[in-house]
Amino acid sequence: MSVLDKVKLWGLKKSPWVYHVNTGACNNCDIEVLELLTPRFDVERLGVLLACSPRHADALLVTGICTRQARPRLQEIYRQTAKPCLVVCLGACACTAGIFHDAWHFAGPVDEVIREVDPDAKIIYIPGCPPKPEAMIAGIAKALQDL
Amino acid sequence: MQTILIVVAAVLGSIVLGLLFSWVDRLVTARIQWRKGPPVYQPLADIVKLLGKETVVSESASLWPFLLAPVLGFAGVCAAAAILWAVAINPDASFVGDLIVVIYFLTFPSLVLILGASASGNPYGAVGAGREMKLVIGYELPFVLAMVPAIVAAGRALSRPGFELAGSFKLSAILQAQQNGAVAGSLAGFLALLCAMAVMQAKLGVVPFDQPEAETELTGGVILEYSGPALAMIKLMRAMLLFVLPLFIITVFWGGVSLRGWGLLATPLKVVVLLVVVVLMRNTNPRLRIEQAMKFFWFIVTPVAVIASVLSAYA
Amino acid sequence: MTHKTLIPIGPYHPLQEEAEFFQLYCEGETVVDMDARISYNHRGIEGVSMNRTWDQVPYVVERVCGICSASHPLAYVQAVEEIAEVEVPERALYVRTIINELERIHSHLLWFGLAGHFIGYNTVFMWAWRYREPCLDALEVVTGSRINYANHTVGGSRKDLTPEMVKFVGERLDEIEGPLDMFITTALEDPILSLRLKDVGVLTEQDARALGACGPTARASNVPIDVRRDDPYAAYDRVDWDVMTCQNGDVFDKVVVRLLETKEAIRILRQALRDLPEGPVQASVKEVPPGEGVGHVEAPRGETFHFVKSNGGAGPERHKIRAPSFNNVPTFRASCIGQPIADVTITLASIDPCYSCTERMAVVADRDTGEELMNFADLVKLSRQKTEEIRKQL
């Protein structure tokens, strides 16, 4: 690995900006994501910021089952995101569809939907309903270590 | 040769100090909000990361204006920084650009954001560009008017040997005139300083004047479409402005930068005071509506600047 | 001469955490017309719940919306209890009240913070969420989870409160109360906040009544409706409290009404914790006979309504959910048109919308035969005709 790559990787590890995509969640994961920014958890100390556009994002936090309406939009958002970027499946719904596995509007697990666009996408799973904020921080930290 | 050295030093110094200042900004903000805040290398990590990412250009964007805009803006801030550093290091040098040139260069960031956002082909970008334009129209007039007391003071100081209007626009003249007391020491100068500080807030694009970006309304507005190195340029430009604008205001109103004797202590103190005011304003106000912001600049800041100019004539 | 631009809010927009789509037709910065499109979050939760057993459904409807995750199960279990004619133990009623009021505090503080965030006032966001943490701690201790409580079951409450828990909740309330007073004073007195929020997105009393608004959205417009008082459930008729209303119906009043309600919730909680009767928390329910039942609950956002039909089987034969945002979303037409974009965004947020609650499918069908009368193409045609008419009027 060249020095340049090392520097790039350092930047990516120290400053992951996340964009939050709700593909049909019940809001719980979404609240807990916002919770991460607030004083008790304060992920800004790890360099994590909530980006306002997928163009600025390094990681997509996907919450919720992928509904039929959300499916093409999730794929489009992934295409629009500046690479390299991670996909984080947050919560039981995004990981496995959980309690909604037999819902008629469920259109495929998030990881499969993303893999249709990019077979090599790096996907991280953080299960829980909703995952505790501590679990989210641990998951993202592990993923960054593994880059 | 010396000029080149000064320019390189100015650009590098502004980048380093700018990044440091944006860290201070984020840290103080975090502390006000009961948070711990990011580590000191955070702004640098952000820039490094953005430089390593790809630049996405949407199909509806016009490529060259879109990508050229951040470069131009960055260059403008660099030029302003170079002039201000040159004056600070060697005030007696021959022409290195005067007040008017610096004001022009400081308008660059806003103008290029309008250019870039209009070229981005995004409806949010278009609205953001419109807002930025309105904001520029709002604050440029009081900004220029606020310079009058400093210019008049310089003119008065120079008029003893022989009045010379053109000379009084020189930053070195303004600095010399302040050797016996800062412009901000007089009532007129103080009012002008307040006006300039309000404008500084808008030029930095922070709350309450961040309408062009307004992440919860326009999802980033003017900078929405930028990614990768282009976004890094804009972030860098913003970070440098965070240092260059206070430096400019200190030069014009507050006795300039001095790194000898007491100056070694006083200069950082002045910069910190200005920075703290920016951060406090930013954290204790909601974002104004764009027409409220314009009303603020036209009906409050501009009259105060006019009063300051008139007062300075009778000082 | 008019030149309209179309500003999309959504489907993925940082203003709201959920996917929703508002098309704002703007002239300059002024919104002259708008379209709302909701269904990105449609998961078919009613269908899911009809495939579950009576005891499983509370945990499904809890996930209708994460922030009302105590209100939906409560409405459901009340509906089922109506069918089965269950006498719920007194203590369980109090436990339900405690959990629902804790949820109200957490939800209102959450919204207050977000409202600050939406107008760029991040300090308010951080402070409000900081003082919301004690409430979440209390909920975690009482129910075992920060957000999905899974506490209401048919016939009572899954978990009982121990004396230690009662003490713990009381202490957390003390922690919240001081900052809450500070928020109320700040919100009422901050000149820039009122400059930004007063007379923005006004929903008049008439409009609120005509469009059927509910919850804090209606109460801010001086329409004093509240299920807790109008048709008391749980232990709300056993404690002393008031319905809070404001006069103007602007966003500022919606902030104030929510903060005052939070204060009121603390008052209810203190009484409920003090008067908590002894006894069991769970009545035994053997079977659910055929029949129909209705349960409604005042969720933090307004009235949550559940209709359950039983055929005597293992689970509901029909389960209909109507969430408060479904009533409140149409009020945008009255409150948003004619406002600048900056105000519309905060007005959209001001009803505290919850799209995952609201997501619906619309099918135009014959009532008797169930035959579909209009398909997608027909609806598009209809919409084009309407657009044409509007264009002629302009």
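The values are calculated or read from the model by the stated rules, or taken from the named source; none is laboratory data. Model, not experiment: these values are computed from the prediction. With ideal geometry, Cβ positions are generated from the backbone for all residues, glycine too; neighbour counts draw on all protein chains shown. Ligands, DNA and RNA are stripped out before the accessible areas are found, and what is left, the full protein with its side chains, is counted by its heavy atoms. Shrake-Rupley method; radii C 1.70, N 1.55, O 1.52, S 1.80 Å.
Observations on the model:
Conditions (1) under 30 Å from C:R132 (Cα atoms); (2) over 19 Å from the mean Cα position of the chain (by Cα); (3) not acidic (D, E), marked per residue:
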site: B:V16; (1), (2), (3): no, no, yes
site: B:D25; (1), (2), (3): yes, no, no
site: B:V28; (1), (2), (3): yes, yes, yes
site: B:P38; (1), (2), (3): yes, yes, yes
site: B:E54; (1), (2), (3): no, yes, no
site: B:A69; (1), (2), (3): no, no, yes
site: B:G76; (1), (2), (3): no, no, yes
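- Of all residues in the stretch B:102-142, those that are touching a residue at least 60 places away in the same chain (Cβ under 8 Å) and not polar (S, T, N, Q) total 22.
- Qualifying positions in the stretch B:120-131 - assigned to a helix (DSSP H, G or I) and open to solvent by less than 10 Å² (accessible area, probe 1.4 Å): B:G125, B:G128, B:A129, B:R131
- Any hit, the stretch C:229-242, residues being open to solvent by 20 Å² or more (accessible area, probe 1.4 Å), in a loop (DSSP other than H, G, I, E, B) and over 29 Å from C:L139 (Cα atoms): no
- Of the residues making up the stretch B:220-250, just one is surrounded by fewer than 24 Cβ atoms within 10 Å (Cβ to Cβ) and at positive phi, namely B:G228.
- Where a residue in the stretch A:14-35 is at the interface with another protein chain (Cβ under 7 Å from one of its Cβ atoms) and within 21 Å of C:Y149 (Cβ to Cβ) and its partner, wherever it lies, is assigned to a helix (DSSP H, G or I) and charged (D, E, K, R), with Cβ under 7 Å and at least six apart: A:C26/C:R63
- Meets criteria (farther than 26 Å from C:L110 by Cα and at pLDDT 85 or above) for A:E44: no
- The residue of the stretch B:178-196 that is modelled with the lowest pLDDT, among those that are out of contact with any Gly (no Cβ under 7 Å at 6 or more places or on another chain) and open to solvent by less than 30 Å² (accessible area, probe 1.4 Å), is B:A184.
- Note on the stretch C:68-83: among residues that are open to solvent by 10 Å² or more (accessible area, probe 1.4 Å) and not polar (S, T, N, Q), the one that is farthest from the other protein chains (Cβ to nearest Cβ) is C:E82.
- One residue stands out in the stretch C:86-142 among those that are polar (S, T, N, Q) and surrounded by fewer than 24 Cβ atoms within 10 Å (Cβ to Cβ): the one that is nearest to C:I346 (Cα to Cα), namely C:N122.
- Residues considered: A:L9, A:L90, A:L4. Of these, the only one that is of a type in the set (A, V, I, L, M) and under 28 Å from C:S107 (Cβ atoms) is A:L90.
- Any chance B:T267 is under 18 Å from the mean Cα position of the chain (by Cα) and of a type in the set (S, T, Y): yes
- Applying the set (1) within 13 Å of the chain's Cα centre (by Cα); (2) closer than 19 Å to A:G139 by Cα; (3) more than 7 Å from every other protein chain (Cβ to nearest Cβ) to A:P54 leaves exactly one unmet item: (2).
- Search result, residues across the stretch C:17-67 that are open to solvent by less than 40 Å² (accessible area, probe 1.4 Å) and aromatic (F, W, Y): C:F21, C:F22, C:Y40, C:W54
- Candidate set: the stretch B:261-296, residues that are in a loop (DSSP other than H, G, I, E, B) and over 23 Å from C:I119 (Cβ atoms); chosen: the one most open to solvent (accessible area, probe 1.4 Å): B:W262
- Exactly one residue out of C:R63, C:R130, C:R104, C:R146 is at the interface with chain A (Cβ under 9 Å from one of its Cβ atoms), charged (D, E, K, R) and closer than 27 Å to C:T186 by Cα, and it is C:R130.
- Condition met for C:L195 (open to solvent by less than 20 Å² (accessible area, probe 1.4 Å) and farther than 30 Å from C:E82 by Cα): no
- Where helices (runs of 4 or more DSSP H) fall wholly inside the stretch B:1-96, the ranges with 2 or more residues that are more than 14 Å from every other protein chain (Cβ to nearest Cβ) and open to solvent by 50 Å² or more (accessible area, probe 1.4 Å) are B:2-32, B:63-89.
- Within the set C:S350, C:S310, C:S325, C:S335, the sole residue that is crowded, with 24+ Cβ neighbours inside 10 Å and closer than 22 Å to C:H152 by Cβ turns out to be C:S325.
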